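Below: one structure, written as structure tokens.
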């Protein structure tokens with residue numbers, strides 16, 4: 001169970017929060033709501049979970065110069081993200 005989240009909003013244009021559970025090795029990312037003409041498609045922030053994430057990868061994400069680029073290079077193409085239903 002993820003008990004603590006890190007606020008990424010000041011450092012990322014696409015990610016709002018990140019949380020990690022070391023016991024289950026689960027990473028939860030909260031993506032910012034879309035702005036602009038397509039914002040009706042995603043009126044709420046989207047919560048995704050990624051499983052089997054090493055703790056070192058989570059730490060590297062938090063310390064990356066560009067969180068979005070790190071996510072797109074090291075997490076998105078390797079790990080399957082699952083949309084957590086019912087979360088705003």
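The values are calculated or read from the model by the stated rules, or taken from the named source; none is laboratory data. No experiment lies behind these values; they were computed from the predicted model shown. Positions of Cβ are generated from backbone atoms using ideal geometry, with glycine treated the same way; all protein chains shown enter the neighbour counts.
Between a residue in segment 77-88 that is within 18 Å of residue 25 (Cβ to Cβ) and any residue that is at pLDDT 60 or above, which pairs come within a Cβ distance under 6 Å, given they are 6 or more apart or on different chains?
What qualifies is 79/50; 81/48; 81/50; 82/49; 84/47; 84/49.
In segment 1-20, what residues are in contact with a helix residue (DSSP H, G or I) (Cβ under 8 Å, 6 or more places away or on another chain), in a strand (DSSP E or B) and buried (at least 18 other Cβ atoms within 10 Å of the Cβ)?
The answer is 15, 18, 20.
Could you please give the count of residues in segment 6-16 that are touching a strand residue (DSSP E or B) at 6+ places or on another chain (Cβ under 8 Å) and farther than 17 Å from residue 57 by Cβ?
4
Just wondering, is there one or more residues in segment 66-83 that are surrounded by 14 or more Cβ atoms within 10 Å (Cβ to Cβ), part of a strand (DSSP E or B) and at pLDDT 90 or above?
Yes, because at least one residue in segment 66-83 is surrounded by 14 or more Cβ atoms within 10 Å (Cβ to Cβ), part of a strand (DSSP E or B) and at pLDDT 90 or above.
Please find, within segment 21-57, the residue that is modelled with the lowest pLDDT out of those that are part of a loop (DSSP other than H, G, I, E, B) and in contact with a strand residue (DSSP E or B) (Cβ under 6 Å, 6 or more places away or on another chain).
45
Could you please let me know if residue 60 is closer than 17 Å to residue 7 by Cα and either at pLDDT below 95 or outside any strand (DSSP E or B) (or both)?
yes
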